[in-house]
Structure formats: C-alpha cells, structure tokens
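Every number in this text was worked out from the coordinates using simple rules, so none of it is lab data. In this text, all values refer to a predicted model and were calculated from it rather than measured experimentally. Note that each Cβ is placed from the backbone with ideal geometry, even for glycine, and that neighbours are counted across all protein chains shown.
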Amino acid sequence: MRIRTLAGALLIVCLLGTAAAQKDRDSEPTATMSFLVVKEDNGKPIRNAAVIMHPVNARGQQSRGGLELKTDTEGKTSFDDIPYGKLRVQVLATGFQTFGEDYDVNRAKMDLIIKLKRPQGQYSIYEGHPEDKKDEKKDAKPPVTDPNGKPQ
C-alpha cells in the first residue's frame, strides 16, 4: 500500500514539474527566422539546400539535437518559435562550400540572406604557379658569403 502511495505521489510531482517547465517555455520570447540561400556570384536561389540550426550555450558549445530545414525552389525556408539566445546556423548544398555562423536571436522576426560560394581549387606543389615565381624573384636575395670561411 505504501509503495502505491509513494508511486502516486512521485507521479504527481513529475507531472507538476512538466507543467511548470511548459509554463516557463510558453512565457519565453520566441522568434521567427526566415532564410534566403543564394549563389554568391550571381544571386540566384539555391533550392534543396539544408539549413541546420543548433542552440549554443553560454560557453559557445553546440547543444545536442537541432533542426534541419530544406529550401524551396526560390531558395527560401523559415521556422517559427525559435527561443531567444545564440543559434548556430549551418547551410549545406551540393556543389557549394559549407556555410556556418552563430547568430544572436534577439528580435521577433529575423531575415537572413546566406550567400554560398563555389568550392575553391586546391593548391598543389606539383603544378606550376607563375604568380609564385614572380614573388620569389622580388624577394630573392643574393646568398650571404662568410668572409672567414675557407675557400672551396
């Protein structure tokens, strides 16, 4: 009998805690964020880009979980009820460099335009780089000879 009473009391405490947490969450201000993802070079929209949002704590650490949205044919997506505070936004799209930045959500409506860049070519030591040779000639200094050194 005591176990049932204890279990019932524990259940009531848990339910009250959940209700209190829900009440606090409802009283916190939230924002609506709209995203427009475009190509940096010509401003055209990028469809089907993944916009990933993660809350960030006071120490700058990303929280577990998150939310992923996809852009429509006009490069747009949005989400309501984002709590105020730091938010890490990452954008991934095939054929473009990954974008990532932290934002401070502090207004009821935020509109972000994200410009994605094309990937840059990799630098290879095996390829000729004429611009490097020009710099080498400018910076080249004659070898320093040791006046006390032995002739060879």
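Laid out as a table, the results:
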quantity	calculated
Phi-based couplings in Hz for region 78-90 (Karplus 6.51, -1.76, 1.60; Gly and Pro marked x)	7, 8, 9, 6, 8, x, 4, x, 6, 9, 8, 10, 10
Total formal charge among the other residues, if their Cβ is under 12 angstrom from that of residue 101, Lys/Arg +1 and Asp/Glu -1	+1
Neighbour net charge for residue 117 - beta-carbon separation under 12 angstrom, K R +1, D E -1	+1
Virtual spin-label span in nm between residue 50 and residue 108, 7 Å along Cα→Cβ	3.4
Additional length obtainable on full extension of the chain from residue 41 to residue 127, 0.36 nm per residue less Cα span	28.3 nm
Low-density loop cleavage sites - GluC sites (Glu not before Pro) in region 67-121, where at most 14 other Cβ are within 10 Å (DSSP)	74
Cut-off 10 Å between beta-carbons: net charge of the residues surrounding residue 45, Lys and Arg +1, Asp and Glu -1	+2
Low-density loop cleavage sites - trypsin sites (Lys or Arg not before Pro) in region 60-118, where at most 16 other Cβ are within 10 Å (DSSP)	64, 107, 117
